[in-house]
1. Could you run through region 257-267 and say how many residues are under 16 Å from K202 (Cβ atoms) and in a helix (DSSP H, G or I)?
2. Identify the single condition in (1) open to solvent by 50 Å² or more (accessible area, probe 1.4 Å); (2) on the phi > 0 side of the Ramachandran plot that D210 does not satisfy, given that it satisfies every other one.
3. Only residues in region 299-316 that are under 12 Å from F243 (Cβ atoms) count as the first member; pair them with residues that are outside any helix (DSSP H, G or I) and among the charged types (D, E, K, R), Cβ under 9 angstrom, at least 6 apart or cross-chain, and list the lot.
4. Could you check, for region 125-134, whether at least one of its residues is modelled with pLDDT of 90 or more, open to solvent by less than 20 Å² (accessible area, probe 1.4 Å) and either under 27 Å from E198 (Cβ atoms) or not small (G, A, S) (or both)?
5. Out of all the residues in region 142-177, which are open to solvent by 10 Å² or more (accessible area, probe 1.4 Å), within 29 Å of L119 (Cβ to Cβ) and in contact with a strand residue (DSSP E or B) (Cβ under 8 Å, 6 or more places away or on another chain)?
6. Considering region 11-27 alone, what residues qualify as being exposed (fewer than 14 other Cβ atoms within 10 Å of the Cβ) and not hydrophobic (A, V, I, L, M, F, W, C)?
7. Quick check on region 14-31. Is at least one of its residues among the β-branched types (V, I, T), in contact (Cβ under 8 Å) with a residue 12 or more places away in the chain, part of a strand (DSSP E or B) and touching a helix residue (DSSP H, G or I) at 6+ places or on another chain (Cβ under 7 Å)?
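The values are calculated or read from the model by the stated rules, or taken from the named source; none is laboratory data. None of the values given here were measured: they were computed from a predicted structure. We place every Cβ from the backbone using ideal geometry, glycine too, and count neighbours over all the protein chains shown. All accessible areas refer to the heavy atoms of the entire protein, side chains included, with ligands and DNA or RNA removed. Shrake-Rupley method; radii C 1.70, N 1.55, O 1.52, S 1.80 Å.
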Amino acid sequence: MTEPRQLVFQRDGDLQNLLPEMCSVAATCYERAEIQHFVAATLQGIFLSLARTGMDLRALDGVTLTEDCAAASTAMQALPEGQVPLEVGDQPDTMEMARTVPVWRDSELRFHIVMRAGLGIGMLGADRAMQALAFACIAHEAAHVEHEGHLYRTFPEIYGRQIPCGDRSRQTFLKAMDVWSEYAACRSSAMFRPEAAEEFEKVFCRALEDSLSACKQRIAAYRSDGKALNVFMDIQQLFGDVFICAGYFLGHLDGLGLNMQSHAPRASAMFVEHPEIGELVHRLRRTLHELWLSEYGWSSIEVFSSIYEIICAMMALHGFIFAKTDAEWRMVMCEEEGTEQEIRNALASWLEREN
């Protein structure tokens, strides 16, 4: 098997603090050595170009091109004994052209981009649209390296360890962090493929539409099988992924400075039909924008609690609410619409009786 190629960067002048000394490119999914060489050289040029725009890629570990992003990502995340990965689930399948994963190199955490093999060929081909797609995808993942690298340097204790969530659900809190991650990456890279705004709007609207019926189905399933843990985890996963799609969508809008009503007609129409959801999404957009403006002044990961609360508010809006008492979770749910206040009152009454 061909060894990964090493890219060595000349970090002179303004690029000195924006690039690693070197990083690897594993392109063994291509049999021909010349294709591997051209892919590596093209990637090096792209990273240099992104650094010249001001993107901070010091935490870049390398790039792997593969036919199976999920399998390759899992294989390279060898965490120290007793530690756990940051993410608890996959990203939405609709976005899975590439992903960025944390990897330990000795005592240092760095970030590795895993891409579908087809994107590498797309970079080299004559199809301008495919070239633009490949470049935008790489720019998006490079933006993850920038923002995740900054997050790690600011809070090194959060990677590979149980994040202190207090009485919050760790599953939803991690989703809240993922929402920020996708928003920040999309906002930083939107300029490289502005036409994707419509695509992200479609993905978000479809995920939102599907979630409304899926939540009812999961609650109804609990009525018949009584498996509380399943519904507890499934509904958090369901709405967590909806908000991750919102992170992509809103990040792209803000990265391009677009108005929701003028440039996202489908989403705007949904918010007119479901004003409570519209208010939560507008609240999310304001929250994410504030996090963007304050990113280099964060003092703790509590900054993500506001996103967590919005996700929980969406679940409550659709009949599902929970709270932690000591080491146990208490849940109240109802598949009927318009019962948010009733289930909140029921949970509060339950907790009051226990205390």
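1. Going residue by residue through region 257-267, those that are under 16 Å from K202 (Cβ atoms) are 258, 260, 263-267.
When the remaining residues are screened for being in a helix (DSSP H, G or I), the result is 260, 263, 265-267.
So the answer is 5.
2. Result: D210 fails condition (2) only.
3. Listed by first residue and then by second, the contacts come to Y308/R168; C312/R168.
4. yes
5. Hits for region 142-177 are H144, E148, Y152.
6. The initial filter retains those residues of region 11-27 that are exposed (fewer than 14 other Cβ atoms within 10 Å of the Cβ), namely 12-14, 16-17, 21-22.
Within region 11-27, D12, G13, D14, Q16, N17, E21 qualify.
7. If we filter region 14-31 for residues that are among the β-branched types (V, I, T), which is where we start, we get 25, 28.
Now drop any that are not in contact (Cβ under 8 Å) with a residue 12 or more places away in the chain, which leaves 25, 28.
Now narrow it down to the ones that are part of a strand (DSSP E or B): 25.
Within this subset, residues satisfying the condition of being touching a helix residue (DSSP H, G or I) at 6+ places or on another chain (Cβ under 7 Å) are 25.
Yes: one or more hits.
Quick grid of which residues meet (1) at pLDDT below 95; (2) assigned to a helix (DSSP H, G or I):
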site: P164; (1), (2): yes, no
site: R168; (1), (2): yes, no
site: A197; (1), (2): yes, yes
site: A214; (1), (2): yes, yes
site: Y222; (1), (2): yes, yes
site: Q236; (1), (2): yes, yes
site: V242; (1), (2): no, yes
site: F249; (1), (2): no, yes
